[in-house]
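Engineer: Submitted below is the structure of interest, expressed as structure tokens.
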Amino acid sequence: MKNNIVGMETNMEQLLDKIMSVQSRSDRVNTSLLEKREHIEKLHRTRNLLRKVQFIYDLPSRLGKCIKSEAYADAVKFFTGATPIFKAYGDSSFHDCKRASEEAMSIVTKKLQEKLFSDSEPTNERAEAVLLLKQLDFPVDSLKAKLLGNLEHFLVDLQLESREAVTTTLNSENQLIELAQELFTRHFETIQQHIKKKVSLSDLLAMLRTIWIDVTEMDKVLPEAALPDFSLKAAQNAVKQYVSSIFSHLLNSVSEALSVVHITPKGRMEEECSLQAVLEAGKKAVIQGSMDALLNFRQMLDDNLELLVKLRDLIIDWVQEGFQEFFRSLENHFLLLSGRNNLTSQDQGSMDGTQGDKMLMGLVLVLAQLSIFVEQNAIPRITEEIAASFSGGGVRGYEHGPPFVPGEICRMFRAAGEKFLQLYINMKTQKISVLLKKRFTTPNWIKHKEPREVHMFVDLFLQELEAIGTEVKQILPQGLIRKHRRSDSNGSTTSSRSNPLREDKMTRSNTQRARSQLLETHLAKLFKQKMEIFTKVEFTQESVLSTIVKLCLKSLQEFIRMQTFNRSGFQQIQLDIQFLRAPLKEIGEDEAAIDFLLDEVIVATAERSIDPVPLEPAILERLIQVKLAKSREQNPSS
Amino acid sequence: MQGGSTGVGYGLKYQARCIVDVKADTDHTSFIAGTLSLKEENEVHLIRLSSAGTELICEGLFSHPNEIWDLSSCPYNPRIFSTVFSSGESYGAAVWQIPELYGQSNSPQLEQLASLDAHTCKIKCILWWPSGRTDKLISIDERNIFLWRLDSAKKTAKVQSQETVGMLHSFSGGAWDPHDQNAVAATCDSSIQFWDIRMMKKTNSIEHAHARNVDYNTKKQNIIVSAEDESGIRIWDLRMPKIPIRELPGHAHWTWAVRVNPEYDELILSAGTDSAVNLWFASATSSEDSKSESLLESPTRKVDPLLNSYNDYEDSVYGLAWSSREPWIFASLSYDGRVVVESVKSYLPRR
């Protein structure tokens, strides 16, 4: 190893010597060539300069060529390249060139400006034009202001059909963002105005679609404006407004259907037709309108426009809330129509005359039946529909529960329906009550003459009941159970049920009679249900009619209790009541209760009579037959 | 049989319409009832509720000529009362006194203190001023209001002033304002008229109210409650007579009588021809009810004002009276002569 290293040293020295010699030789070559190199470099630089000078001299013509071929980018490139020389030598050596070039460039800038402001140019070229102008140090800001001004003018005349998306890449983004947002705000305002005037769903979808396309395009160029979110919010408002407008139109259509009643009818036939027609119209408006609205909403949900997909949950909520609110307002509207909220309406009605009053009562009955229809038919159908298409999703949390609560609405309408039915019954009973009061407070019963005939108040009474019957038959359904009429089986007008009380009354003496009557009625009442008279009213023809008859008979009894009768007075009452027995049982369904009440009336009269001796049955029959004959003469059709 | 009855019962022998509370009796809770029988001998019963509240005892039974249509107890003397009666054709009105030591006599007779004999029309009612001692009396008949001065010593009553209501209207009843000795309410066919009896002039009226019976609120001024046949019960503030401050449904048929509790004025009793007595809770302050209800959005709607319905009666209930001494006790009278006394202690509002 020592040998190797010793040998290496000599080798290294040899190497060093060689390198030194090579270096010295190359230095010699270098220095000999140095002169030549410098010369060449000088020539090279000169050549470049000359080329440049050539270029400058050629510049005007070249620019002209570019203008002709509309290659403005090249023109600008050339010009900007030459600008430093112009700056340095433009005043002295290259003066002409500079002038010519500047002329050319002014043409170029003009052309570029035109390009920028013309609407027919494609957008990227316009963008390029701006870039080029910028490179030319053109005062771009003033351009920009002018451009914005133009755009704003344009917005004012904005037509929805034309697509107008201007993309610029100007630097002041804020102004651009504002501009873009204002553009879309105007779009949505137009939509809202259309909604107010009632726009169809397809039109609305088309409008939303066009807007959304524009938004996405602009978003590509200007992501900082956050246009999708902005337009989403605006679209949210528009869709919400659309949904609520559908509901208000629905409410309007129902109230229009019901307001037909206020048109004064001319003949009686017209009245009858109109009530039923109003009910049908009302039903149709509610159910058909709701179904149409739901169809609309479902179409909206099924649409795959991105905007609507994002709003899906919200739409579901709005639809449900909308229905809840609609039914609440509908109930309020019914209450308003019936005049319940207006305390003085009853009196105004009576001032206007019986016609207006009658119409109001008819309307109340229609409202009652309509409320029940809503509760029994409309709500279940709507609930089904909503469960099918509008369930799931929704923005409200679980703790609030679903916004559409069919149970609550059903309860509300059932209660309203019952209220209206009760109101109808009250109004009709009040009307008859006036008639009865007049009958019993006018004559002097204590000095009454012998009964010659059945009193005419029975005619008025029965007429009123008949009128109620026709109204009720139009609107309410028939009851399911038809009670067997006693008169159907044996054809007699008197009660076939043996009534020992009545027979006894005729045999005992006066003083005993009063006491025993009292005892008997007590006993009789113990075995009869007191609640017979004031049972709950059902929504059937029979129930309403029999309730009215029962209430009128009760009123009759109360009026009688306030009077004192002599024998003839007692007999007159007996005659009138006996005449009423058959027709009242025909009208009202609850025969037993009506019989009971008529008996009560007779008992009350007997109690209030000084000398309650009844008419002979034969005379009673004869007078009744006379009355029947007379009424048959007057009404040959009945 | 009907369901379990909670009240204490008492039977008058005949039919009756009138029962009143003996306000002046501060030692006992007692009532006076009068019968209405056309042919029999009529009676006035003095009934006392036992201290345990479980029994009604007849303290005195007095015969009275003619059937009694209106009965009113003197507020400052427990033995004096007035009746309006009729004998079929004619009507009469008188002030009576229960004789002293009536408990000891076999068949005590009522002493007639005064006869109000200036009436020519059907007499409707006699009113005593409920809030104190005065010698004035008001009587109302179909056409007129009379103001009398009663002299118990001389046993006379003299007409002080009188006014007619005119041919178009007829009175049916009335009530004396407990807060104002000069104001009286009179129910007319289709209105409630308010008269100043010093001037004998009509001062105010509530129109379109077909009231059968009215009762003033003794705790609050200007509040009156009316019972109407079809509309039920309405509470009015006389300062705003156009619209009632509260309406209650009333009864299934007519609401015959209404009585405001003398101590707990939110409790209102009503008697109806549907053989029931209803107890209502209704505050007389106008603002609270409607506004607060509309603000709340709770699914359960309004609180039902009907506290209880007593329907243990066989016939229409015409007579109704709260006891002044024990204001949670009331007496009711149905046409068949049955008196029922009930307690509403469980419904009293917490104070």
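Engineer: What's the ranking of B:193-199, A:64-70, A:38-44 by average number of surrounding C-beta atoms within 10 Å, highest first? Present the calculation step by step, with values, prior to reporting the outcome.
Structural biologist: On the way: B:193-199: 17.6, A:64-70: 13.7, A:38-44: 10.1.
Descending packing order for the listed peptides: B:193-199, A:64-70, A:38-44.
Engineer: Still on this structure, please answer the following. What shape does region B:2-345 take by its C-alpha gyration tensor, where a ≥ b ≥ c are the square roots of the eigenvalues and a/c under 1.5 counts as rounded, a/b above b/c as prolate, and the rest as oblate? It would help to have the intermediate numbers written out before the result.
Structural biologist: Details: a/c = 1.74, a/b = 1.19, b/c = 1.46.
In terms of gyration-tensor shape, oblate.
Engineer: Then there's this: Which of the peptides A:299-305, A:73-79 is most tightly packed, and how do the rest follow, going by the mean number of other Cβ atoms within 10 Å of each residue? Numbers along the way, then the final one.
Structural biologist: Numbers: A:299-305: 14.1, A:73-79: 19.4.
The packing order, highest mean first, is A:73-79, A:299-305.
Engineer: Along the positive direction of the dipole of region A:1-138 (beta-carbon charges: Lys, Arg +1; Asp, Glu -1; about the Cα centre), which of A:29, A:8, A:56 reaches farthest?
Structural biologist: A:29
Engineer: Relative contact order, percent, of region B:2-345 when contacts are C-alpha pairs under 8 Å separated by at least 6 residues?
Structural biologist: Numbers: 930 pairs, mean separation 46.1, N = 344.
Reported as a whole number, the value is 13 percent.
Engineer: Can you give me the relative contact order of region A:572-638 as a percent, contacts being Cα pairs under 8 Å and 6 or more apart?
Structural biologist: Working: 21 pairs, mean separation 25.1, N = 67.
Relative contact order here is 37 percent.
Engineer: First check a/c for region B:1-105, with a ≥ b ≥ c the square roots of the eigenvalues of its C-alpha gyration tensor; if it is under 1.5, answer rounded, and if not, answer prolate when a/b is larger than b/c or oblate otherwise.
Structural biologist: Values: a/c = 1.93, a/b = 1.21, b/c = 1.59.
It comes out oblate by the Cα gyration axes.
Engineer: Once you order the gyration tensor axes a ≥ b ≥ c over the Cα atoms, which shape class does region A:1-138 get: rounded for a/c under 1.5, otherwise prolate or oblate by comparing a/b with b/c? Numbers along the way, then the final one.
Structural biologist: Values: a/c = 6.01, a/b = 2.60, b/c = 2.31.
Cα axes put region A:1-138 in the prolate bin.
Engineer: Please list, in chain and number order, the residues 5+ apart from residue B:246 or on another chain whose amide H is under 5 Å from its amide H, with Hs placed from the backbone.
Structural biologist: B:235
Engineer: Across the residues of B:33-42, average count of Cβ atoms on other protein chains within 10 Å? Show your work: numbers first, answer last.
Structural biologist: On the way: counts 0, 0, 0, 3, 4, 9, 10, 3, 0, 0.
That average works out to 3.
Engineer: Leaving out same-chain residues fewer than 8 places away, which lysines sit with a Cα under 29 Å from that of residue A:110?
Structural biologist: By straight Cα distance, residue A:110 reaches A:52, A:65, A:68, A:77, A:87, A:98, A:134, A:144, A:146.
Engineer: Tell me, what is the FRET efficiency for residue A:178 and residue A:241 to the nearest 0.05, using R0 = 25 angstrom and their Cβ-Cβ distance as r? Before the final figure, lay out each step's value.
Structural biologist: Numbers: r = 24 Å, r/R0 = 0.97.
Result of the calculation: an efficiency of 0.55.
Engineer: I'd like the distance between the alpha-carbon centres of region A:556-581 and region A:4-66, rounded to an integer number of Å.
Structural biologist: Taking the Cα centre of each part, region A:556-581 and region A:4-66 sit 147 Å apart.
Engineer: For residue A:29 paired with residue A:54, estimate the spin-label separation in nm (one decimal), with each label point 7 Å from Cα along the Cα-to-Cβ line.
Structural biologist: 3.4 nm
Engineer: What range in chain B is the longest one free of GluC sites (Glu not before Pro) that are in a loop by DSSP and have at most 13 other Cβ atoms within 10 angstrom? Numbers along the way, then the final one.
Structural biologist: Working: sites that count: B:41, B:55, B:89, B:100, B:297.
No qualifying site falls inside B:101-296, the longest such stretch.
Engineer: For residue B:254, list long-range residues whose amide hydrogen, built 1.01 Å from N in the peptide plane, is under 5 Å from its own amide hydrogen.
Structural biologist: The list, which skips near neighbours in sequence, is B:273, B:274.
Engineer: Please give the average number of partner chain Cβ atoms lying within 10 Å of the Cβ of each residue in B:309-317, rounded to a whole number.
Structural biologist: Working: counts 0, 0, 3, 1, 1, 5, 7, 4, 0.
That average works out to 2.
Engineer: Please list 3J(HN,Hα) in residue order for region A:539-548, calculated via the Karplus relation 6.51 cos²θ - 1.76 cosθ + 1.60 where θ = phi - 60°; whole Hz, with x for glycine and proline.
Structural biologist: Whole-Hz 3J(HN,Hα) from phi for region A:539-548: 8, 10, 4, 4, 4, 5, 5, 5, 4, 5.
Engineer: Only helical DSSP H runs with n ≥ 4 go in: add -39500 (n - 2.57) per run for chain B, normalise by residue count and round the 222 nm mean residue ellipticity to 500 deg cm²/dmol. Before the final figure, lay out the partial values.
Structural biologist: Working: 1 runs with 10 residues, N = 351.
The helix contribution divided over chain B gives -1000 deg cm²/dmol.
Engineer: Turning to a different aspect of this structure: Summarise the partner chain shielding of A:177-187 as one whole number: the mean count of Cβ atoms from other chains within 10 Å of each residue's Cβ.
Structural biologist: Details: counts 0, 0, 0, 0, 0, 0, 0, 0, 0, 0, 0.
Taking the mean over all residues of the peptide, I get 0.
Engineer: Let me ask something else. HN-Hα J couplings of region A:456-471 from phi, Karplus 6.51/-1.76/1.60, θ = phi - 60°, integer Hz, Gly and Pro as x?
Structural biologist: Rounded to whole hertz, the list is 6, 4, 5, 5, 4, 4, 5, 4, 4, 5, 4, 4, 4, x, 5, 4.
Engineer: Give B:39/B:158; A:240/A:419; A:419/A:536; A:220/A:310 a once-over and call out the pairs whose C-alpha atoms are over 23 Å from each other.
Structural biologist: Values: B:39/B:158 32 Å; A:240/A:419 34 Å; A:419/A:536 12 Å; A:220/A:310 19 Å.
Pairs exceeding 23 Å: B:39/B:158; A:240/A:419.
Engineer: Follow-up. Using the Karplus curve 6.51 cos²θ - 1.76 cosθ + 1.60 with θ = phi - 60°, work out ³J(HN,Hα) for each residue of region B:66-71 in order, rounded to whole Hz, and write x for Gly and Pro.
Structural biologist: Along region B:66-71, the couplings run 6, 7, 9, 9, 8, 9 Hz.
FYI, it's all coordinate maths here, none of it is from the lab. Remember, it's a predicted structure, so these values are computed and weren't measured experimentally. Quick reminder, even Gly has a Cβ in these numbers, built from the backbone with ideal geometry, and neighbours come from all protein chains shown.
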